[in-house]
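**Student:** Questions regarding the structure given below will be posed in turn.
None of the figures in this text is laboratory data; all of them are computed from the coordinates on show. The structure displayed is predicted, hence computed values, not measured ones. Counting neighbours? That spans all protein chains shown, and the Cβs are built from the backbone with ideal geometry, glycine included.
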Amino acid sequence: MVIREASIRRQNASAGRRMSITCVLIGVCVLAGGLSCPDEPVRLAVPERSGDAGEISIFFTGSELGALKPCGCSGGQLGGLSKRTVVFDRVPAGSRAIVDTGTLVAGTGEQDLIKFRILFEAFRLLGYDLVHLTDEDVQIAQSLGLEAPQDGSFSVIGTPWGPDQADPPRTFVKRLAARGRQITVRFAALDARIASPESAAEAFGVQVGTYCVDILILRNADADSRPIWTAFSDVDCIVWPSDSDEPQVLSEPGQRPLVFTVGRFGRHISRLSVGFSDPDAGPALSLEDISVEETLPENESLARLYRQYQQIVSQSDLLEKYPRVPLPGQLRYVGSGQCRWCHVIEHSEWSPNPHADAFATLVEVGSDRDPECVICHVVGMDRETGYINEERTPHLKDVGCESCHGPGSEHIRSNGGLPTTEPKMTCLDCHTPEHSSGYAGHEDEFREKIKHWWEP
């Protein structure tokens, strides 16, 4: 869906010294646990886009936040690294650039660090040209000891990285072909807290050739930073940090520069089309939001990379290391098998429900050792005496009585005299928009599916 078009008249950029292109490359060919790189990507047989041959396309992703693959049980989930190839291949390789704008993971835990390495390898397999690193991304890369191999996979710009933190803004240039023209696309990254027209002019330098488009990627920008848009009148596009799942156009129609976000969690790909119908009129820009739908075919190399990620997570014993807080008082989880002796009808009504066999769905897809997935498919994983793993706590796998009603030890000890108490989960703890896209607005329908109690 085309969300907005903006035709922009280009002015010559302010003169300034042209900095050399800094390419910082990170290889992740040997992942944690001795994992070796998968083969080169298997390109899907998808027809190239048959649109205007005078256009080039720049694909943007960003704010991955560790979402390697969508998770959910109601269908309709968006995202997945392995489904991006089919979108990128709609445009000939010589007429496109692929860019990620950073914020790769959501935190700095052990699983986040594993994902960080996986994402860099995925960018290589997907043929990315450029990855912008935020301040947090650079700190993680440094903590992992990632250096700059020379395999030419893709370039990196962003926060100054290395012993000389006074390095000037980093830039990247790619020349693309469209209808016999050479179009130069220049990218620069700046910190919104200190960005200025002078710093942008320094980053981009003088205009290169007749057909040129300049794109500025900003980090550390928020609502208070918006007045700086008007200061960058010589820039064609500004990519703003994302604060919503879907891409957004923030600038007004016809305003220069075109300011947009790329969304979060890899659910959408933003495609910026650039054409030059009149060399004196500057670039004509249009932005398209492409949903990464679950019906898209997978790239087998990326699917294989995800399976390797699952293997690393399993071997890292993240389930056993998961932080668990004590239950109040003397409470313990006992398992649904202890409840059925008194609650025979309720237990028999619940047992055929998919929730009662929720763990099996993780086994089928190989995610039964991934704590981010397991926590919604078992009882009390974040509490002491709760689920640890299938070998040590088999009685607590699946969504059981104590998931919603709370730990049952005192209720059983008192022969039902004491009610169950907190902690209790609600439907919304797991049926979030990210994990259950069809839940919101249909709560009563879902509730009927799990009904196992007597009225009222």
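**Student:** Quick check on residue 57: is it hydroxyl-bearing (Ser, Thr, Tyr), farther than 26 Å from residue 359 by Cα and in a loop (DSSP other than H, G, I, E, B)?
**Tutor:** Criteria not met by residue 57.
**Student:** Could I ask something else about it? Report the residue count in region 391-422 for those that are surrounded by fewer than 17 Cβ atoms within 10 Å (Cβ to Cβ) and assigned to a loop (DSSP other than H, G, I, E, B).
**Tutor:** Total meeting the criteria: 10.
**Student:** Those residues that are more than 30 Å from residue 246 (Cβ to Cβ) and of a type in the set (A, V, I, L, M, F, W, C), I need them from region 400-442; list them, please.
**Tutor:** 401, 404, 412, 418
**Student:** Do the conditions hold for residue 244, that is, is it in contact (Cβ under 8 Å) with a residue 40 or more places away in the chain and either within 20 Å of the chain's Cα centre (by Cα) or not in a helix (DSSP H, G or I) (or both)?
**Tutor:** Against the criterion (in contact (Cβ under 8 Å) with a residue 40 or more places away in the chain and either within 20 Å of the chain's Cα centre (by Cα) or not in a helix (DSSP H, G or I) (or both)), residue 244 does not qualify.
Residue by residue, here is whether (1) hydrophobic (A, V, I, L, M, F, W, C); (2) in a helix (DSSP H, G or I) holds:
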{"position": "302", "(1), (2)": "yes, yes"}
{"position": "305", "(1), (2)": "yes, yes"}
{"position": "311", "(1), (2)": "no, yes"}
{"position": "314", "(1), (2)": "no, yes"}
{"position": "329", "(1), (2)": "no, no"}
{"position": "332", "(1), (2)": "no, no"}
{"position": "345", "(1), (2)": "yes, yes"}
{"position": "356", "(1), (2)": "yes, yes"}
{"position": "381", "(1), (2)": "yes, no"}
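**Student:** Kindly indicate which of 173, 185, 213 is among the hydrophobic types (A, V, I, L, M, F, W, C), over 26 Å from the mean Cα position of the chain (by Cα), in a strand (DSSP E or B) and under 26 Å from residue 134 (Cβ atoms).
**Tutor:** Of the residues listed, the single one that is among the hydrophobic types (A, V, I, L, M, F, W, C), over 26 Å from the mean Cα position of the chain (by Cα), in a strand (DSSP E or B) and under 26 Å from residue 134 (Cβ atoms) is 213.
**Student:** Separate question: Which of the residues that make up region 358-379 are part of a helix (DSSP H, G or I), of a type outside the set (Phe, Trp, Tyr) and either within 29 Å of residue 413 (Cα to Cα) or touching an Asp or Glu at 6+ places or on another chain (Cβ under 6 Å) (or both)?
**Tutor:** 358, 362, 374
**Student:** Which one of these is under 30 Å from residue 451 (Cβ atoms) and surrounded by 14 or more Cβ atoms within 10 Å (Cβ to Cβ): 338, 308?
**Tutor:** 338 is the lone residue from the list that is under 30 Å from residue 451 (Cβ atoms) and surrounded by 14 or more Cβ atoms within 10 Å (Cβ to Cβ).
**Student:** Only residues that are free of Cβ contacts under 8 Å to residues at least 40 places away in the same chain, over 30 Å from residue 75 (Cα atoms) and either among the aliphatic types (A, V, I, L, M) or in contact with a strand residue (DSSP E or B) (Cβ under 6 Å, 6 or more places away or on another chain) (or both): list them for region 313-363, please.
**Tutor:** Passing the criteria: only 344.
**Student:** Of all residues in region 254-280, count the ones that are on the phi < 0 side of the Ramachandran plot, touching a Pro at 6+ places or on another chain (Cβ under 9 Å) and not in a strand (DSSP E or B).
**Tutor:** First, pick out the residues of region 254-280 that are on the phi < 0 side of the Ramachandran plot: 255-262, 264, 267-280.
With the extra rule that they be touching a Pro at 6+ places or on another chain (Cβ under 9 Å), the set shrinks to 260-262, 267-270, 274-276.
Pick out the ones that are also not in a strand (DSSP E or B) and you get 262, 267, 276.
Result for region 254-280: 3.
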